[in-house]
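Trainee: Quick one: the structure is below, questions incoming.
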Amino acid sequence: MVIVAGHLVVDPHRRESYLADCASVVRQARDAPGCLDFSVTADLVDPGRVVVFERWESRAAVEAFRGSGPDGGQGAAVLAASVAEYDVADVRSLT
């Protein structure tokens with residue numbers, strides 16, 4: 001399993017429109033083969049921060065989506081980013 005997690009920084013006055021523009025990316029990712037979870041959400045306390053969380057079955061699934069996923073021009077709105085990929089070897093349910 002691969003987890004992609006981190007945050008983006010956008011202009012606080014444009015965060016809501018940025019998130020609205022991300023809706024199509026989220027829908028496409030969730031429909032992509034191997035996607036277990038995908039979200040792009042507003043941070044509750046920082047008005048310029050956007051939280052990114054993705055969970056994929058495999059590295060191949062991530063790469064396939066990145067190669068065919070939508071561009072949408074969201075990259076131009078990102079002022080800074082701290083996002084990383086994590087290879088997960090084991091999972092323990094907390095519920």
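Trainee: If we scan segment 11-21, do we find a residue that is under 30 Å from ASP90 (Cα atoms) and surrounded by 16 or more Cβ atoms within 10 Å (Cβ to Cβ)?
Mentor: no
Okay, residues lined up against (1) touching a Gly at 6+ places or on another chain (Cβ under 9 Å); (2) part of a helix (DSSP H, G or I); (3) surrounded by 15 or more Cβ atoms within 10 Å (Cβ to Cβ):
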{"residue": "VAL4", "(1), (2), (3)": "no, no, yes"}
{"residue": "HIS7", "(1), (2), (3)": "no, no, yes"}
{"residue": "SER39", "(1), (2), (3)": "no, no, no"}
{"residue": "PHE53", "(1), (2), (3)": "yes, no, yes"}
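Trainee: Next question, about the same structure. Quick one: would you say GLY48 is over 13 Å from the mean Cα position of the chain (by Cα), on the phi > 0 side of the Ramachandran plot, surrounded by 17 or more Cβ atoms within 10 Å (Cβ to Cβ) and not acidic (Asp, Glu)?
Mentor: no
Trainee: In the set ALA80, ALA84, ALA61, which member is within 12 Å of ILE3 (Cα to Cα) and not in a helix (DSSP H, G or I)?
Mentor: Every option except ALA84 fails the conditions.
Trainee: For a quick check of your reading of the model, give me the residue pairs whose first member lies in segment 52-69 and is at pLDDT 95 or above, whose second is among the acidic types (Asp, Glu), with beta-carbon atoms closer than 6 Å and at least 6 apart or on different chains.
Mentor: ARG55/ASP37
The values are calculated or read from the model by the stated rules, or taken from the named source; none is laboratory data. For clarity, every value in this text was computed on a predicted model and none was experimentally measured. Because the Cβ atoms are built from the backbone with ideal geometry, glycine has one as well, and the counts that use them run over all protein chains shown.
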